[in-house]
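Notes follow once the structure below has been shown.
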Amino acid sequence: MTARPDGMLAAAIERDYMSSTCGQPFGSHQQRRDPRGLSRETKMERILFRVTEVAGFLGLSRAKTYELMKSGALPSVKVDGCGRIKADDLRRFVDELPSEAA
C-alpha cells in the first residue's frame, strides 16, 4: 500500500471502515430489531485500530509502525497485552507530520 497525503487519512479510514460495514457511514448508528422485537445498536465508530491496520493506512511496515510506537511518536495503548492505536491519536499523528516543501 502506498503512503497517502495527510488530508486523505480520514477518507481512507472511512472508506475502509465502510467497506467492512456494508456501506454504513463511518460512525453511524443503526437501530435493528432482533426476532424478539428488542432494539439494539449495531454499528459503532471504531476507536481502536490494530498495528497492521495503522501500518496499512500510513503506508508503512509493521516494524516501522512498532518503532514509532516505541519511540512515543505514535501513542498507543495495550489491551490485554495487544498494542492498539486510538483513532484520535492516529489523526493527531498525521496532522502533526511536517509538510514536505514542494
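The values are calculated or read from the model by the stated rules, or taken from the named source; none is laboratory data. What you see is a predicted model, and the numbers here were worked out from it, not measured in a lab. Note: ideal-geometry Cβ built from the backbone for every residue, glycine included; neighbour counts use all protein chains shown.
Among the residues making up segment 45-89, those that are assigned to a loop (DSSP other than H, G, I, E, B), at pLDDT 95 or above and not hydrophobic (A, V, I, L, M, F, W, C) are Gly59, Ser61, Gly72, Pro75, Ser76. Looking only at segment 23-44, decide whether some residue is within 19 Å of Glu96 (Cα to Cα), at pLDDT 65 or above and surrounded by 12 or more Cβ atoms within 10 Å (Cβ to Cβ). Looking for residues that are within 19 Å of Glu96 (Cα to Cα), at pLDDT 65 or above and surrounded by 12 or more Cβ atoms within 10 Å (Cβ to Cβ), one finds none in segment 23-44, hence no. Scanning segment 53-102 for residues that are loosely packed, with under 10 Cβ neighbours inside 10 Å and within 19 Å of Leu9 (Cβ to Cβ) yields Glu96, Pro98, Ser99, Glu100.
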